[in-house]
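Enquirer: Can you read through this structure? Questions will come right after.
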Amino acid sequence: MSESEQLSSISEDELKELAEDGGGISVLRASETCRGWNGIRYKAGLSGKTVGAKELSMNVATIPPGAVAFAHIHVDFEVMLYILRGRVRHEYGTGLRKVIESEAGDFIFIEPGVPHEVFNMSDTEPVVAVVARSDASEWENIVSYDRSSAEEGRT
């Protein structure tokens, strides 16, 4: 089994067991990296799966050195990031023609429906970020984006 398959293999029941339900306040204690998606490694975080959240999710993402989170779109939800470590480049918009770079200490807001691809700018250091979404399901409402079809006018 590959590392990404191992990271993705944690079940929904196992995720639910990670959080302590205090009856109105839930706590997920210093979690380990347990899941992977699209070149990014995630610590278990707060979501509908772990704490029963209805509208929000939050976790810590790590983009390994030199890695890319391939082009995708967040359907009908907002994303906010706070970069804890490293430098990241977002190529975004139609055809991914716009570019913005961010580093540790920067906040990033991604509007719903904006196509983007994320690059770790270092070949030696990871990018680590806190990720918050206005979607409790985390990944169910993300779709791939084909840069080449957009460039040909077939978005």
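All of the numbers you see were taken from the coordinates with simple rules; none came from a lab. Given the structure is predicted, the values throughout are model-derived calculations rather than measurements. Note that each Cβ is placed from the backbone with ideal geometry, even for glycine, and that neighbours are counted across all protein chains shown.
Enquirer: Please check the chain for the longest run free of GluC sites (Glu not before Pro) that are loop-located per DSSP (anything but H, G, I, E, B) and have at most 16 other Cβ atoms within 10 Å.
Expert: Numbers: sites that count: 32, 55, 78, 140, 152.
The longest uninterrupted stretch comes out as 79-139.
Enquirer: Could you work out which residue, out of 57, 47, 134, moves most in a Gaussian network model of the chain, that is, has the largest mean-square fluctuation with Cα springs under 10 Å?
Expert: 134
Enquirer: For the pair residue 20 and residue 107, what calculated FRET efficiency results from E = 1/(1 + (r/R0)^6), where r is the Cβ-Cβ distance and R0 = 35 Å, to the nearest 0.05?
Expert: With a Förster radius of 35 Å, E is 0.75.
Enquirer: Pairs of lysine in region 11-155 with Cα under 26 Å and at least 8 positions apart or on different chains: total?
Expert: On the way: 16/43; 16/49; 16/54; 43/54.
Qualifying lysine pairs in region 11-155: 4.
Enquirer: Still on this model: Helix-only mean residue ellipticity at 222 nm, the chain, DSSP H runs n ≥ 4 weighted -39,500 (n - 2.57), per residue, nearest 500. What is it?
Expert: Numbers: 4 runs with 21 residues, N = 155.
Calculated mean residue ellipticity at 222 nm is -2500 deg cm²/dmol.
Enquirer: Please give the charge dipole size of region 3-151, origin at the Cα centre, charges +1 on K and R Cβ atoms and -1 on D and E Cβ atoms. Round to the nearest 20 debye. If you can, show how the numbers build up before the last one.
Expert: On the way: 14 positive and 25 negative charges, 61 e Å.
Value, rounded to 20: 300 debye.
Enquirer: Same structure, new question: Are there any trypsin sites (Lys or Arg not before Pro) in region 31-115 that are in a DSSP loop and have at most 13 other Cβ atoms within 10 Å? List them by number. Walk me through the intermediate numbers first.
Expert: On the way: sites: 35, 41, 43, 49, 54, 85, 87, 89, 97, 98; in loops: 54, 97.
Answer in residue order: 54, 97.
Enquirer: Let me ask you something else. Report the paramagnetic label zone for residue 58: residues of region 76-100 whose backbone N is under 13 Å from a point 7 Å from Cα along the Cα-to-Cβ axis.
Expert: Residues 80-82 fall inside that zone.
Enquirer: Under the definition of Cα pairs under 8 Å and six or more residues apart, what whole-number percent is the relative contact order of the chain?
Expert: On the way: 372 pairs, mean separation 38.0, N = 155.
Relative contact order for the chain comes out at 25 percent.
Enquirer: Turning to a different aspect of this structure: At 7 Å along Cα-to-Cβ for each site, give me the label-to-label distance between residue 143 and residue 123 in nm.
Expert: Rounded to a tenth, the inter-label distance reads 3.7 nm.
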